[in-house]
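First comes the structure, then the notes that go with it.
The values are calculated or read from the model by the stated rules, or taken from the named source; none is laboratory data. Just so you know, these numbers come straight off a predicted model, no measurement behind them. Cβ placement follows ideal geometry from the backbone for every residue including glycine, while neighbour counts extend to all protein chains displayed. Surface areas here come from the heavy atoms of the whole protein model, side chains and all, with no ligands, DNA or RNA. Shrake-Rupley method; radii C 1.70, N 1.55, O 1.52, S 1.80 Å.
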Amino acid sequence: MNERYSRQILFPGIGKSGQEKIRSKHVLILGAGALGSGSAEVLTRAGVGKITIVDRDYVEESNLQRQQLYTEADVAEKWPKAAAAERRLREINSDVEIHSVVGDATPELLEELVAGVDLMLDATDNFETRMIMNDVAQKYKIPWIYGACVGSFGMSFSIIPGKTPCLNCLLRSIPLQGMTCDTGGIIAPAVQMVIAHQTAEALKMLAEDWDAARTAFVSFDVWRNQYTSMKMSKAKFAGCLSCGEHRTYPYLDQENRSKTSVLCGRDTVQIRPSTPREISLEQLAAQLSTLGHTVKGNPYLLSVEMGDQRMVIFQDGRALIHGTKDMTQAKTIYQRILG
Ligand SMILES: [Zn+2]
């Protein structure tokens with residue numbers, strides 16, 4: 001182990017004891033897109049003990065420009081991102097325990113996954129999941145690192161329960177909503193800059209060098225050459241429902257959740273069944289082929305061509321309807337196939 005991590009151990013901020021601490025930690029990464037692949041690779045190479053990575057999507061050609069863990073073979077196989085990430089991360093460092101979850105980051109799933117987790121990394125592309133993550137972090141006192149990017153712009157902030165303001169507090173001072181969902185494109189250096197900020201903070205926390213942790217909210221634009229750092233110590237809101245004295249963790253509440261959502265910057269609607277179900281993909285594929293549909297699949301999902309739309313069905317009954325932003329139309333297609 002010493003040779004593998006020798007350069008990191010030589011670095012005074014980490015050292016031998018820091019490396020041992022890093023090795024004893026479990027990190028949960030939410031999202032295996034651009035930010036998730038990058039962060040997972042950095043932490044896997046750094047020798048974190050265990051990494052759990054969660055993602056609901058599968059690899060597509062337009063991901064390859066910036067989602068560094070994936071290859072053309074993953075696109076051809078429509079392999080789920082979490083599973084493709086696990087496969088690649090194991091090749092990079094067999095010394096790290098990698099666990100992947102193909103699914104939607106619902107409050108139930110997150111509350112189950114956070115047992116024994118030391119740190120969470122935000123690599124999601126949507127606000128709903130970040131707010132769930134924020135509530136889970138406060139409830140179980142787990143630090144997490146917010147990160148987002150769009151175009152050439154990126155930002156990051158570390159949220160430490162009991163110390164810093166939470167994401168819900170920040171909403172009062174920073175217009176974060178709407179910053180993530182975009183159709184304006186993204187360049188890889190903006191992603192890499194956010195990954196660098198998130199993983200640097202992650203390594204500090206995992207090595208338990210809390211004095212070195214950044215407390216400011218940073219944002220930058222790598223195209224326009226701008227860098228801003230904002231102090232957030234006064235942003236903590238006493239009446240915050242996520243971290244205040246009379247907290248209710250509003251985003252963990254079933255009622256506040258949407259079952260249908262239009263995916264970020266894409267002509268795609270996601271539908272999640274109200275109660276989880278187990279679908280036999282093999283059986284469904286046979287039925288749909290008999291009905292004359294073109295069906296392709298792998299052990300994780302089925303892809304069905306349906307005129308202008310394409311539906312991708314996962315084992316847990318979740319589906320992505322490509323080729324529409326219309327929720328009603330998407331629901332109709334879903335019910336036609338899955339009842
Ligand atoms: Zn708060």
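What the table below lists for this structure:
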{"item": "Selection from the stretch 106-117 of residues that are in contact with a helix residue (DSSP H, G or I) (Cβ under 7 Å, 6 or more places away or on another chain) and within 24 Å of Ala200 (Cβ to Cβ)", "result": "Val114"}
{"item": "Enumeration of residues in the stretch 302-314 that are touching a residue at least 40 places away in the same chain (Cβ under 8 Å) and open to solvent by 10 Å² or more (accessible area, probe 1.4 Å)", "result": "none"}
{"item": "Residue selected from the stretch 276-297 under the condition open to solvent by less than 70 Å² (accessible area, probe 1.4 Å) and out of contact with any Leu (no Cβ under 9 Å at 6 or more places or on another chain), by the criterion nearest to Asp57 (Cα to Cα)", "result": "Ser280"}
{"item": "Any chance Lys81 is in contact (Cβ under 8 Å) with a residue 24 or more places away in the chain and within 30 Å of Leu171 (Cβ to Cβ)", "result": "yes"}
{"item": "Those strands (runs of 3 or more DSSP E) lying entirely in the stretch 88-190 with at least 1 residues among the charged types (D, E, K, R) and touching a Lys or Arg at 6+ places or on another chain (Cβ under 8 Å)", "result": "97-102, 119-122"}
{"item": "Test set (1) at pLDDT below 95; (2) in contact with a Ser or Thr (Cβ under 8 Å, 6 or more places away or on another chain) - Glu86 fails condition number", "result": "(1)"}
{"item": "When residues of the stretch 216-256 are limited to those that are within 12 Å of the ligand (Cβ to nearest atom) and hydrophobic (A, V, I, L, M, F, W, C), the one surrounded by the most Cβ atoms within 10 Å (Cβ to Cβ)", "result": "Cys243"}
{"item": "Filter result for the condition that a residue is among the hydroxyl-bearing types (Ser, Thr, Tyr) and more than 15 Å from Ser37 (Cα to Cα), over Thr106, Thr124", "result": "Thr106"}
{"item": "Conditions (1) touching a strand residue (DSSP E or B) at 6+ places or on another chain (Cβ under 7 Å); (2) within 14 Å of the ligand (Cβ to nearest atom); (3) farther than 12 Å from Val54 by Cβ; (4) not charged (D, E, K, R); number of the one not met by Asn168", "result": "(1)"}
{"item": "Among residues of the stretch 84-113, those that are of a type in the set (A, V, I, L, M) and either more than 14 Å from the chain's Cα centre (by Cα) or not assigned by TED's automatic domain parsing to the domain that holds Ile142 (or both), counted", "result": "5"}
{"item": "Enumeration of residues in the stretch 57-69 that are touching a strand residue (DSSP E or B) at 6+ places or on another chain (Cβ under 8 Å), within 23 Å of Met193 (Cα to Cα) and open to solvent by less than 10 Å² (accessible area, probe 1.4 Å)", "result": "Val59"}
{"item": "Condition check for Glu72: outside the structural domain of Ser303 (by TED's automatic domain parsing), surrounded by fewer than 24 Cβ atoms within 10 Å (Cβ to Cβ) and at pLDDT below 95", "result": "no"}
{"item": "Some residue of the stretch 56-77 being touching a residue at least 24 places away in the same chain (Cβ under 8 Å) and among the β-branched types (Val, Ile, Thr)", "result": "yes"}
{"item": "When residues of the stretch 171-185 are limited to those that are more than 16 Å from the ligand (Cβ to nearest atom) and open to solvent by less than 50 Å² (accessible area, probe 1.4 Å), the one modelled with the lowest pLDDT", "result": "Thr180"}
{"item": "Tally of residues being at pLDDT 65 or above and either touching a His at 6+ places or on another chain (Cβ under 7 Å) or basic (Lys, Arg) (or both) across the stretch 247-272", "result": "6"}
{"item": "Residue list for the stretch 94-112, filter: in contact with a Leu (Cβ under 6 Å, 6 or more places away or on another chain) and at pLDDT 95 or above", "result": "Ile98"}
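This table checks each residue for (1) of a type in the set (S, T, N, Q); (2) under 22 Å from Asp125 (Cβ atoms); (3) part of a strand (DSSP E or B).
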{"position": "Val269", "(1), (2), (3)": "no, yes, yes"}
{"position": "Ser274", "(1), (2), (3)": "yes, no, no"}
{"position": "Ile279", "(1), (2), (3)": "no, no, no"}
{"position": "Ala285", "(1), (2), (3)": "no, no, no"}
{"position": "Leu288", "(1), (2), (3)": "no, no, no"}
{"position": "Lys296", "(1), (2), (3)": "no, no, yes"}
{"position": "Met311", "(1), (2), (3)": "no, yes, yes"}
{"position": "Lys325", "(1), (2), (3)": "no, yes, no"}
{"position": "Ala330", "(1), (2), (3)": "no, yes, no"}
